[in-house]
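The values are calculated or read from the model by the stated rules, or taken from the named source; none is laboratory data. Given the structure is predicted, the values throughout are model-derived calculations rather than measurements. Here Cβ is always computed from backbone atoms with ideal geometry, including for glycine, and neighbour counts include all displayed protein chains.
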Amino acid sequence: MISFTIDTSVFSLSARNGNSSNDNSNTIKFLKRMNSLMELESYPSVTVSFMNRIPSNLRYGNIYPVDVKNRVNKLNTEEINKLKLDISSILDYYCKKLVELERRKTGIYENIPDRYEDPDKKYKNIYYNRDVYPKNNCPALLNVFNIYLGYIAELNLYNDSEEENYIVTNGSNEPTLENITLKFDKNKNSKVSIVSIQKTKKLCPKEKKENIEEIKNVKFDNIIKGNDVNFRNINFNNTNKTYISTKLYYYLKTLDDIAGIINEKKINENNLICLLNAHGCLCSPDNERYKDCPKRQFKNEVGKEEYFSLHLKPFTKTTVGTCFYTLGGRDYNFTLRIYFRLRGKKMLIGWIGEHPDSCDECERKKKCIKENNRTI
């Protein structure tokens, strides 16, 4: 998996200045960026994350794309035809995306421990070539970029992820691997790849479409499958079956590859979460309240039940009205989860399928509380 962090500048659109030619040019560039972003999110081999507070930072810099629809209407037919883009889908995508970004954090930043806000201000204390950031963007955007650049540089330094972990900006620059000096960490040197949204397609692997039957027969060197792993627990539910199965393949392949990195480093559970997220696999632990829950006990390779907390999140589509959920159960079954744990130098997978029931949904909740004399 490849991890792309989207910079605020990708959504920026300068206010109209009365120069119709210049205004139309900016509008067309914006539409192209949104189309590239929409395509990027459709690739099952990548994980797309967004910096925090993108809408508010756009407003602060007076570059919020508030009048895009009106500006598109001012384009002439020839300009629109040259684009060869589905304008309606692009406008719908950008509107929904900005609403989503108002509410919550996305991607790796909602999964890595202690990343409830922007990465800490200490990450501004770095040195790099400032020319890599697109010109004509307001200072507020550059400040946020600096913080995320420093944070990703630290992730790459300790997780060997510089070839999979990218920051995406606007503009048209080719991918560049930048040297970053971490002044907050004894001036250690790291590298971060920066790429424009228009050039991200070059970095995506040529995808081989996978189906579940093929994945069942794939032999991974560093993965052990528990007795509950049978691939029958995946609920496609009228979604794109090929997309989900292909994404599952990339997650398993990345998990297998990462075992090699683990063998070279001292990795504990918290390090493992950062390691997997840095390599584009959304990963987080379950709440401690599930430790005694039978819904988190899965059979290992010899049929004995073990507790699994760490889980990967290849697919989540659980929108109910205007809310987002990641629970399991009957009402929230548009999910795919991989529960796993370290087994020596390999990865033991206990479960591949829908998200298990939450405590509130579990019919054994009262029995669990009584048996374990604890409050859930």
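Within 29 Å of Gly150 (Cα to Cα) and of a type in the set (A, V, I, L, M, F, W, C), is that true of Ile108?
Answer is yes for this residue.
Please work out which residue is modelled with the highest pLDDT, limiting yourself to region 119-137 and to residues that are buried (at least 17 other Cβ atoms within 10 Å of the Cβ) and assigned to a loop (DSSP other than H, G, I, E, B).
This residue is Tyr128.
If we keep just the residues of region 53-112 that are among the aromatic types (Phe, Trp, Tyr) and in a helix (DSSP H, G or I), which is nearest to the chain's Cα centre (by Cα)? Steps first, answer last, please.
Let us first name the residues in region 53-112 that are among the aromatic types (Phe, Trp, Tyr), namely 60, 64, 93-94, 109.
Among the residues that remain, those that are also in a helix (DSSP H, G or I) are: 60, 93-94, 109.
Values: Tyr60: 25, Tyr93: 17, Tyr94: 17, Tyr109: 8 Å.
My answer is Tyr109.
Results for (1) outside any strand (DSSP E or B); (2) under 30 Å from Phe315 (Cα atoms), shown as yes or no for each residue.
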{"site": "Thr5", "(1), (2)": "no, yes"}
{"site": "Asn26", "(1), (2)": "yes, no"}
{"site": "Met38", "(1), (2)": "yes, yes"}
{"site": "Thr47", "(1), (2)": "no, yes"}
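Hey, Glu163 hits all of (1) within 19 Å of the chain's Cα centre (by Cα); (2) surrounded by fewer than 19 Cβ atoms within 10 Å (Cβ to Cβ); (3) in a helix (DSSP H, G or I) but one; which does it fall short on?
Every listed condition holds for Glu163 apart from (3).
So, Ile194, is that one in the same structural domain as Lys32 (by TED's automatic domain parsing), in a helix (DSSP H, G or I) and in contact (Cβ under 8 Å) with a residue 40 or more places away in the chain or not? Outline the logic, then answer.
Values: in the same structural domain as Lys32 (by TED's automatic domain parsing): yes; in a helix (DSSP H, G or I): no; in contact (Cβ under 8 Å) with a residue 40 or more places away in the chain: yes.
Here the answer is no, as Ile194 does not meet what is asked.
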